[in-house]
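Only one structure is covered here, and it is reproduced in the block below.
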Amino acid sequence: MSADAELETMRPNPTWDAASYEDAVSTLSRDDLAFKVWGGDWCKDCRSQLPDFGAALDAAGVPDDRVDHYPVEKEEDGTKVGPRVEEYGVEYIPTVVVERVPRDAD
């Protein structure tokens, strides 16, 4: 992971069935994609959704250096704060941004 912290909720769900999601695994395995994930280990939506996403990335063989974790906290008014939250306009978590990365020229 290239971000400073790692979200516990991104640890792959060991019971996730990759065979049931072959198309998703195939898409995630593209070598020109990078993933930015905002979440909070305190967040029930993150705890229910991100372990499956982590398992899908794992099944697709996505290297850790193409997955950035951005832990988010919630202010009293519900506003989300954390790394790059404002830059990417993150309002809800979990949020996943998929970006294309340049392929290495041979």
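Computed quantities for the displayed model
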| item | result |
| --- | --- |
| Close pairs (9 angstrom Cβ cut-off, 6 or more residues apart or separate chains): within 23 Å of Val101 (Cα to Cα) in segment 63-87, part of a loop (DSSP other than H, G, I, E, B) and among the hydroxyl-bearing types (Ser, Thr, Tyr) anywhere | Asp64/Ser2; Asp65/Ser2; Arg66/Ser2; Val67/Ser2; Asp68/Ser2; His69/Ser2; Val85/Thr79 |
| Positions within segment 30-43 being under 11 Å from Val62 (Cβ atoms) and either in a helix (DSSP H, G or I) or not small (Gly, Ala, Ser) (or both), in sequence order | Arg30, Asp31, Leu33, Phe35 |
| Residue within segment 53-60 that is under 16 Å from Glu99 (Cβ atoms) and at pLDDT below 95 present | no |
| Set Thr27, Thr9, Thr15: member being open to solvent by less than 40 Å² (accessible area, probe 1.4 Å) and either of a type in the set (Val, Ile, Thr) or in a loop (DSSP other than H, G, I, E, B) (or both) | Thr9 |
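The values are calculated or read from the model by the stated rules, or taken from the named source; none is laboratory data. Since the model is a prediction, treat every value here as computed from it, not as a measurement. Glycine also receives a Cβ, built like all others from the backbone with ideal geometry; neighbour counts cover every protein chain displayed. Note: areas computed on protein heavy atoms with side chains; ligands, DNA, RNA excluded. Shrake-Rupley method; radii C 1.70, N 1.55, O 1.52, S 1.80 Å.
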